[in-house]
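The next block holds one structure in the form of structure tokens; read it before the comments.
Bear in mind these aren't lab numbers, they're just calculated from the coordinates by the rules spelled out. Fair warning: this is a prediction, and the values are worked out from it, not measured in the lab. In this analysis, Cβ positions are derived from the backbone assuming ideal geometry, glycine residues included, and neighbour counts consider all displayed protein chains.
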Amino acid sequence: MVSTHDYQKDSRNKDIKVYINGKHYNRSEAKVSVFESGFLLGDGVWEGLRLHNGSILHLNSHLERLYNGAKLLDIKLNLSKKDLKQILFKTINLNEMYTDVHIRLIISRGIKSTPYQSPAVTIGDPTLVVIPEFKKVNYDSINKGIKIATVKTIRDSRVQNHQINSLSKHNCIAACIEASKLEVDEALMLDPRGFVSTCNSTNFFMVKNSEVWTSKGLHCLKGITRQAVIGICKQNRIKILEKNFKVSDVHDSDEAFVTGTFAGIIPVIEVDGIEKSNNRMGKITRILQDLYKIDMVEHAVN
């Protein structure tokens, strides 16, 4: 099986410095309390960031989503976006990192006085963690394509607001478990009306008659790379449709791909056992992958 997060192992990761609430710790010593809201309840927000050639891709968009999510969860952040950027780059520089780095940025509500869900028993400020790792995308593996399958776990915003990149990932984990049992790499998840929504850790696109289709985004996280691809299509006169469509449409599609911060654009070579684009990366997918590499340079933040 192929993972959308396949990367080349790097021995330097055993000595990385992790940022926690104003201090840096060696990886083996980086810890939070068992009374931490993120540990107890998955109560917080996070972003996955990519450092490429000294710059963090789409950083402003990631921080905008992070702060919006915190606001929706009523988490009172005590630092500005400028301050947070300084923390990120200080951590990167301390670890002597320049490119092929993945950063997990986590903000939880903070320490609880007792294990209970109410924000009223939170004591102190939110907890901020920055975990940077050397992770070079294994394109040799990823570009061979992934296999996906439709699962029973749906994306239903009546239970959880999927516009928030929440630490609580049970919905996606349940879908991921289903995918593993089906012996595929990602789960294709539907919305409450039976329309295609997203995958468990990536956003889904299909191509039919040179048109690129993706969901309306009502029941999935507004992926930063997803939005970049939509913009790339519009800029390059590739017809892009944000619409409702069924799994049967996916089965009849010419090609498919998924998007994510870590690996960008990943071809899908099989859906529910149905082969896509002759079991290889499709023509439109390859064009978009090349255009995305240009977009990476244009949307990097130093």
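If the condition is being in contact with a Leu (Cβ under 7 Å, 6 or more places away or on another chain) and farther than 15 Å from LEU221 by Cα, then the stretch 60-82 contributes only LYS81.
In a residue-by-residue description of the stretch 213-224, the property of being over 29 Å from ILE164 (Cα atoms) and part of a helix (DSSP H, G or I) applies to no position.
Condition check for LYS222 on (1) surrounded by fewer than 22 Cβ atoms within 10 Å (Cβ to Cβ); (2) basic (Lys, Arg); (3) over 23 Å from the mean Cα position of the chain (by Cα): one failure, at (3). In the set ALA149, ALA179, only one residue is among the small types (Gly, Ala, Ser) and in a strand (DSSP E or B); that residue is ALA149. Pairing each residue of the stretch 193-210 that is closer than 12 Å to THR150 by Cβ with any residue that is among the polar types (S, T, N, Q) and not in a loop (DSSP other than H, G, I, E, B), provided the two are 6+ apart or on different chains, yields C-beta distances under 8 Å for PHE204/SER197; PHE204/THR198; PHE204/THR214.
Checking THR153, THR91, THR99 one by one, the residue that is within 28 Å of ALA175 (Cα to Cα) and polar (S, T, N, Q) is THR153 and no other. Within the stretch 205-218, is there a residue that is among the polar types (S, T, N, Q), in contact with a helix residue (DSSP H, G or I) (Cβ under 9 Å, 6 or more places away or on another chain) and surrounded by 18 or more Cβ atoms within 10 Å (Cβ to Cβ)? Checked against the condition, which is being among the polar types (S, T, N, Q), in contact with a helix residue (DSSP H, G or I) (Cβ under 9 Å, 6 or more places away or on another chain) and surrounded by 18 or more Cβ atoms within 10 Å (Cβ to Cβ), the stretch 205-218 yields at least one hit. Has the stretch 102-123 got any residue that is farther than 30 Å from GLN289 by Cβ, surrounded by 20 or more Cβ atoms within 10 Å (Cβ to Cβ) and among the charged types (D, E, K, R)? Yes - at least one qualifying residue is present in the stretch 102-123.
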